[in-house]
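Undergrad: For reference, the structure I am asking about is given below.
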């Protein structure tokens, strides 16, 4: 955890363009990375936001920010643990690229980042230690690993640092925390203090059987051998997958109710007993498997609010006046 310090110094974000532009707000963030502004492939009106993690919640943040003009780069581990893989840019690590709601994520190397940003892609780096923080020097860093604890993010990693969910203290190891627990406060920006603690229980979706969890867990250590594909309809008591242990033993993963298989970890990912490996959606709407969820979008909206609020708080009077070209006579 970073040592306590006063509020974030956002003076580095001060760059006011006198010309009207659809990027008029976010142009004021780009000065946080002055040594990258103007480089080939990096339009000066697209500040870089680096997101640690590329699971489904991180993807909600990435989609929101990409659509509002930010240049988004994501990092992942070699074998991502994402369950909702068809709605997570982590899938690019396995497949090379993935298209989610019209936004393309592409696995690449640091040297290829600028080219993919210029192509309006989201670069996904296999970078477990997040060396991209040092290499790219982003204007904004978002910790979306969702480890329920801080795995190494510090408030001085970037001019503005946002973290998702429990395990972080706003004002201590980041500038803002986004609430990730379902309920009234989902997506709220926390400027001081912590998010709600991890409940250990997944949110209940409409249609679920009482006392039956939609989250599928590994019965033993091993690798998941799927019997169905993500998006398939599953009936109660059907074997969704089999976990194959190192010694040849197998254990079935059985559906507790009818629904659509919304997610399942990649077969190459080693799993441990009790680990979350799948998601069975009782709402039985297949399209939900391939689109960003309501929860992810709410969290993404919170991250966007936090970033723009930081600019607004720092530049309130001039920011409201940049729409008109100044009189040079």
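All of the numbers you see were taken from the coordinates with simple rules; none came from a lab. Computed from a predicted model, the values in this text were never measured in an experiment. Glycine gets a Cβ as well: all are built from the backbone with ideal geometry, and neighbour counts include every protein chain shown.
Undergrad: For the range 86-191, what number results from the quotient of the Cα radius of gyration and 2.2 N^0.38 Å? Show your work: numbers first, answer last.
TA: Numbers: Rg = 14.9 Å, N = 106, 2.2 N^0.38 = 12.9 Å.
Dividing the Cα Rg of the range 86-191 by 2.2 N^0.38 Å gives 1.15.
Undergrad: Based on the mean of other beta carbon atoms within 10 Å per residue, what is the order of 48-56, 304-312, most packed first? Can you show the working numbers first?
TA: Numbers: 48-56: 27.2, 304-312: 19.8.
So the peptides 48-56, 304-312, ranked by packing, come out 48-56, 304-312.
Undergrad: What's log10 of I(q)/I(0) for the range 215-282 at q = 0.14, 0.26, 0.27, 0.28 Å⁻¹, Debye sum over Cα points only, no solvent?
TA: Results for the range 215-282 at q = 0.14, 0.26, 0.27, 0.28 Å⁻¹ read -0.34, -1.12, -1.19, -1.27.
Undergrad: Among DSSP beta bridges lying fully in the range 113-197, give the percent that are antiparallel, nearest 5.
TA: Bridges in the range 113-197 that DSSP calls antiparallel: roughly 35 percent.
Undergrad: Sorted by average packing, counted as other Cβ atoms within 10 angstrom per residue and highest first, what order do 101-110, 229-238 take? Write out the running numbers ahead of the final one.
TA: Working: 101-110: 17.2, 229-238: 14.1.
Descending mean neighbour count gives 101-110, 229-238.
Undergrad: Place the peptides 115-127, 243-255 in order of packing, highest mean first, counting for every residue the other Cβ atoms within 10 Å and averaging per peptide. The partial results should precede the final answer.
TA: Working: 115-127: 19.6, 243-255: 14.2.
Those peptides, ordered most packed to least, come out 115-127, 243-255.
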